[in-house]
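The values are calculated or read from the model by the stated rules, or taken from the named source; none is laboratory data. This one's a predicted model, so the numbers in the text were calculated from it and none came from an experiment. So basically every Cβ, Gly included, is an ideal-geometry build from the backbone, and we count neighbours across all protein chains shown. Keep in mind that these areas ignore ligands, DNA and RNA; they rest on the heavy atoms of the full protein, side chains included. Shrake-Rupley method; radii C 1.70, N 1.55, O 1.52, S 1.80 Å.
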Amino acid sequence: MRSDIVSTNELRNELKNEPKPKIAESEKITINLGMIDLGQIDLLVSEGFYSNRTDLIRTAIRNQLNTHADVVRQTVARRSLVLGMHHYSRADLEAAQAAGIRLQIQVLGMASIANDVPVELALATIESISVLGALHASNTLKAALAERIR
């Protein structure tokens, strides 16, 4: 039984030491609302329609996105956007470089570039970046690719 505990602890230690990409599940945004709109939101919250202001705002945004879902789908297809989250690792960029491919990153959602990607590799393999949503990359990479980010 003691060997099971040791092997479990060893496994936990191995998992702790593995680098894990940090991917945010959401982005914080700030909005300004007029006092009347804010008052109406607070009224609906106090009457129990929503648990808090954020709940109402998220619901309103989801309802609007559902209303325009067909337009979003058509535009994603027309613009050849990758929908969702897409992570570009150092190995991905090295493979693109070996194949002589220059990437045109077009994502609706979130694109992330691994922290271990050297600036030289990114410049050699990334032709352009267009992200509707969030781009996660080191500040150094973002600065180096600034002219290629749309």
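Which residue out of L65, L93 is more than 24 Å from I31 (Cβ to Cβ) and part of a helix (DSSP H, G or I)? Give the steps one after another, and end with the answer.
Details: L65 fails: more than 24 Å from I31 (Cβ to Cβ).
Every option except L93 fails the conditions.
Can you name the number of the only condition in (1) touching a residue at least 24 places away in the same chain (Cβ under 8 Å); (2) over 14 Å from the mean Cα position of the chain (by Cα) that L65 fails?
In the conditions (1) touching a residue at least 24 places away in the same chain (Cβ under 8 Å); (2) over 14 Å from the mean Cα position of the chain (by Cα), L65 misses (1) alone.
Of these, I101, I113, which one is β-branched (V, I, T) and under 20 Å from the mean Cα position of the chain (by Cα)?
Answer to the check: I113.
Give the stretch 98-117 a look and list any residue that's open to solvent by less than 40 Å² (accessible area, probe 1.4 Å) and either over 15 Å from H86 (Cβ atoms) or in contact (Cβ under 8 Å) with a residue 60 or more places away in the chain (or both), or say none.
M110, S112, A114
Test N115 against the criterion of being out of contact with any strand residue (DSSP E or B) (no Cβ under 7 Å at 6 or more places or on another chain) and either closer than 23 Å to T30 by Cα or acidic (D, E) (or both), and give yes or no.
No: the conditions fail for N115.
Checking the structure you have, find out if any residue of the stretch 79-91 is surrounded by 11 or more Cβ atoms within 10 Å (Cβ to Cβ), out of contact with any Leu (no Cβ under 9 Å at 6 or more places or on another chain) and touching a residue at least 40 places away in the same chain (Cβ under 8 Å).
Yes, the stretch 79-91 contains at least one residue that is surrounded by 11 or more Cβ atoms within 10 Å (Cβ to Cβ), out of contact with any Leu (no Cβ under 9 Å at 6 or more places or on another chain) and touching a residue at least 40 places away in the same chain (Cβ under 8 Å).
Provide a single number: the residues in the stretch 68-88 that are more than 18 Å from the chain's Cα centre (by Cα) and either part of a helix (DSSP H, G or I) or not charged (D, E, K, R) (or both).
9
Can E127 be described as assigned to a strand (DSSP E or B) and touching a residue at least 12 places away in the same chain (Cβ under 8 Å)?
Values: assigned to a strand (DSSP E or B): yes; touching a residue at least 12 places away in the same chain (Cβ under 8 Å): yes.
Yes; evaluated as a whole, the condition is true for this residue.
Which condition does A137 not pass, out of (1) at pLDDT 95 or above; (2) closer than 30 Å to N32 by Cβ; (3) surrounded by fewer than 15 Cβ atoms within 10 Å (Cβ to Cβ), if it passes all the others?
Failing condition for A137: (3).
Okay, residues lined up against (1) at pLDDT below 95; (2) open to solvent by less than 90 Å² (accessible area, probe 1.4 Å):
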position	(1), (2)
E25	yes, no
L43	no, no
T59	no, yes
N63	no, yes
N66	no, no
V76	yes, yes
